[in-house]
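Data block below; observations after.
The values are calculated or read from the model by the stated rules, or taken from the named source; none is laboratory data. Values in this document were obtained by computation on a predicted structure and should not be read as measured data. Cβ: placed from backbone, ideal geometry, glycine included. Neighbour counts: every protein chain shown.
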Amino acid sequence: DGGITQSPKYLFRKEGQNVTLSCEQNLNHDAMYWYRQDPGQGLRLIYYSQIVNDFQKGDIAEGYSVSREKKESFPLTVTSAQKNPTAFYLCASSSRGEPIAQYFGPGTRLTVL
Amino acid sequence: AQKVTQAQTEISVVEKEDVTLDCVYETRDTTYYLFWYKQPPSGELVFLIRRNSFDEQNEISGRYSWNFQKSTSSFNFTITASQVVDSAVYFCALSDFSGNTPLVFGKGTRLSVIA
């Protein structure tokens, strides 16, 4: 089945450690996105990529990094520079030039201990 | 700049009641898309509807209906005869007409339907 997978579903990290969240899609979508969700804050954009080997910062990129070496994959690294990393992280993808909705993965809940 | 406002933070209704979720948006674009997503307790966002700015016809899908009014920059969502399974957080979102740029989301409305 086509879709977006995120792993792991739950992730625990000690303060000061970097951690990488996985996002894979087999929808052949060009664009991929990372959003962060905090209670009562809605979804805020971290990074997005419209094409392989290219990506742009979103509204809250500080303390995060991404790569887009393959069309299917858009991993997000939460670095130790991110002050409040505990949140729910959602990955999405959409097809370039086709005005369809963004489709979302199941999310990863990151907790910093 | 684009902005989406969902003024209702939380709503509680009794099963079988009708409920309307409000969405007001701001954009300088003359063409754009509006969306509604549902986020059940599992966390995954489920796409409900996309509406382009050219089409102000109301849409109905089963118990769901959407009222798009460009004159008031609103895109409201009504659930008729609500059910417990409708309990979720609902997000309204806005994008430019390419559809290939990040969505701008409202903060969401948490709907609780009580049996």
| note | Those residues of region A:73-96 which are away from chain B (no Cβ under 14 Å), out of contact with any Pro (no Cβ under 9 Å at 6 or more places or on another chain) and touching a residue at least 60 places away in the same chain (Cβ under 8 Å) amount to A:80, A:85
| Failed condition for residue B:16, given (1) more than 10 Å from chain A (Cβ to nearest Cβ); (2) surrounded by 15 or more Cβ atoms within 10 Å (Cβ to Cβ), with all others met? | (2)
| residue A:45 being surrounded by 20 or more Cβ atoms within 10 Å (Cβ to Cβ), aliphatic (A, V, I, L, M) and under 24 Å from residue A:113 (Cβ atoms) | no
| task | Just need a number here: residues in region A:29-42 that are within 18 Å of residue A:108 (Cα to Cα) and buried (at least 18 other Cβ atoms within 10 Å of the Cβ). | result | 7
| field | Boolean, residue B:60 is within 10 Å of the chain's Cα centre (by Cα) and either under 24 Å from residue A:5 (Cα atoms) or among the hydrophobic types (A, V, I, L, M, F, W, C) (or both) | value | no
| query | Which one of B:79, B:60 is surrounded by fewer than 17 Cβ atoms within 10 Å (Cβ to Cβ) and either of a type in the set (A, V, I, L, M) or more than 14 Å from residue A:101 (Cβ to Cβ) (or both)? | reply | B:60
| Single condition residue B:113 does not satisfy, out of (1) part of a strand (DSSP E or B); (2) within 15 Å of the chain's Cα centre (by Cα) | (2)
| Tally of residues being touching a residue at least 60 places away in the same chain (Cβ under 8 Å), surrounded by fewer than 20 Cβ atoms within 10 Å (Cβ to Cβ) and away from every other protein chain (no Cβ under 14 Å) across region B:87-115 | 3
| message | Looking only at region A:1-26, how many residues end up being surrounded by fewer than 19 Cβ atoms within 10 Å (Cβ to Cβ), within 21 Å of residue B:47 (Cβ to Cβ) and modelled with pLDDT of 90 or more? | response | 5
